[in-house]
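J.: Next up is a structure, given as structure tokens.
Readers should treat all values here as calculations from the given coordinates under stated rules, not as data from a laboratory. For clarity, every value in this text was computed on a predicted model and none was experimentally measured. Here the Cβ positions follow ideal geometry from the backbone for every residue, glycine too, while neighbour counts run over all protein chains shown.
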Amino acid sequence: MDAFLSSLAKQAPKSARPAVLGDVLSFDTHPVIPEDLLECYVDWEQDFNSRSDKYIAFKAQNVTAGDLKPMVRVFVQSDFYAQRFGDKSGIATFPVTPEWQYGQLNKTGAGRFLVLHDKANTPFQSRFVATLFTQLGSVLHDALCARGYVPIADSLEDIEDEYFGEYLYSFNTVVTQGGDALIIPSAPIQYWFQNPKTITWTHPFSTEHEEYYGFMVPNETQKGQDVMFFIQKEWWDTDNISENHISKIAKKNANGDYRVVIGPKFQYGQADKTGKNRWVVYHDEDRKPPQHCFVKSISETPIDGVVGAIFGPQAESALEDTARSLEDLLGYDGLDTFT
């Protein structure tokens, strides 16, 4: 017990990275420790009325990210839990689809938790954190005090305040602008898109094949909401010394990730002229791949709705239309450049 509390005092375990669209997570539907799966009520104010709903709270293992133990906090509205997991026993798995929302501790995506519920419910992120510590806090507080960790015990009461006074975020709704700062991993991290990806496109008399890495990354400027980011392989590889390498244009933050500010060296694709479903590319602009080539590179995912959430509903429809090619449906528009 003392070893556990000492570890908790230093730092709670963290997932390899924030959970993102397309990740597959798993959890024990009947855990040995009852506190690992709880029924709780989330209370909030909405439309000048008091609201309350029952959620099931548990910790899940991010299989895609390579986590070795459950470290992602998850809340599922009880009706949704009954529909998805009510008949499950033992280990259950689920993908992160556009149905899910998320909250997080800060703009880097730290402390991200997932929520599956009726999106007409609009509690602040902090209400889920408050609910969890209402359920667990008194037991944990007493245990910490008994073992001499009074300052840490008292700090539990302040954790709710650390979370944004914001509503939950939906995946990939942010429109990245020039000047925004993105948080890019500096070391290989598992993603469902099986990096690196080969982007293929044709010229009138030739065909190009180039490798890119793709990451779903937090937009720090826009409260850490996710954006899809592609980077030319050799400009990210650690053994490359190109003057355009990401290490030459960005500094690392305290977590060792690159903090990249979007400028004229970056390009983007999007679903329409409003900027909906905008995604970012950092590469040699002499390359001229049409936007649809990036969509095709991610299209292998078997998870419903993910491609549409990243690239827009037109891209999802194009993948489902077997009578016409992706090129015909999405066109040959090239990438645009940030100003």
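J.: 5 Å is the cut-off here: which amide hydrogens, built 1.01 Å from N in the peptide plane, fall below it relative to LYS197, excluding neighbours closer than 5 in sequence?
T.: The answer is TYR212, TYR213, GLY214.
J.: Still on this model: For THR202, what residues show an amide H to amide H distance below 5 Å, using hydrogens built from the backbone and excluding near sequence neighbours?
T.: Correct list: GLU208.
J.: Please find the FRET efficiency linking TYR167 to GLU39, where r is the Cβ-Cβ separation and R0 is fixed at 30 Å, and quote it to the nearest 0.05. Display every interim value, and only then the final one.
T.: On the way: r = 23 Å, r/R0 = 0.78.
Efficiency, rounded to the nearest 0.05: 0.80.
J.: Can you put MET216, MET71 in order, fewest other beta carbons within 10 Å first?
T.: Result, fewest neighbours first: MET71, MET216.
J.: Rg to Rh for the stretch 181-337: what is it, with Cα atoms only and Rh by Kirkwood?
T.: Using only Cα positions, Rg/Rh for the stretch 181-337 is 0.95.
J.: Near the amide H of LEU168, under 5 Å away, which other amide H atoms are found, from residues 5 or more places off or on another chain, if H is placed in the peptide plane?
T.: Residues meeting the criterion, in which the H sits 1.01 Å from N, are GLN125.
J.: Quick one: Karplus J couplings for the stretch 17-27, per residue in order, coefficients 6.51, -1.76, 1.60, θ = phi - 60°, nearest Hz, x for Gly and Pro?
T.: For the stretch 17-27, the Karplus-derived couplings read 6, x, 5, 10, 3, x, 5, 10, 10, 9, 7 Hz, x marking Gly and Pro.
J.: I'd like the Karplus ³J(HN,Hα) series for the stretch 210-225: coefficients 6.51, -1.76, 1.60, θ = phi - 60°, whole numbers in Hz, and an x wherever there's a Gly or Pro.
T.: Listing the rounded values in order: 9, 9, 9, 9, x, 9, 8, 10, x, 8, 4, 5, 9, 6, x, 6 Hz.
J.: Explain nothing, just compute: Karplus ³J(HN,Hα) = 6.51 cos²θ - 1.76 cosθ + 1.60, θ = phi - 60°, for every residue of the stretch 93-99 in order, whole Hz, x for Gly and Pro.
T.: After applying 6.51 cos²θ - 1.76 cosθ + 1.60, I find 10, 7, x, 7, 10, x, 5 Hz.
J.: Excluding PRO218 itself, calculate the net charge of residues whose Cβ lies under 11 Å from the Cβ of PRO218, where each Lys or Arg counts +1 and each Asp or Glu counts -1. Provide the component values of the computation, followed by the final result.
T.: Numbers: positive: ARG17, LYS107, ARG112, LYS223, ARG259; negative: ASP180, GLU220, ASP226, ASP257.
Taking every other residue near PRO218 into account, the sum is +1.
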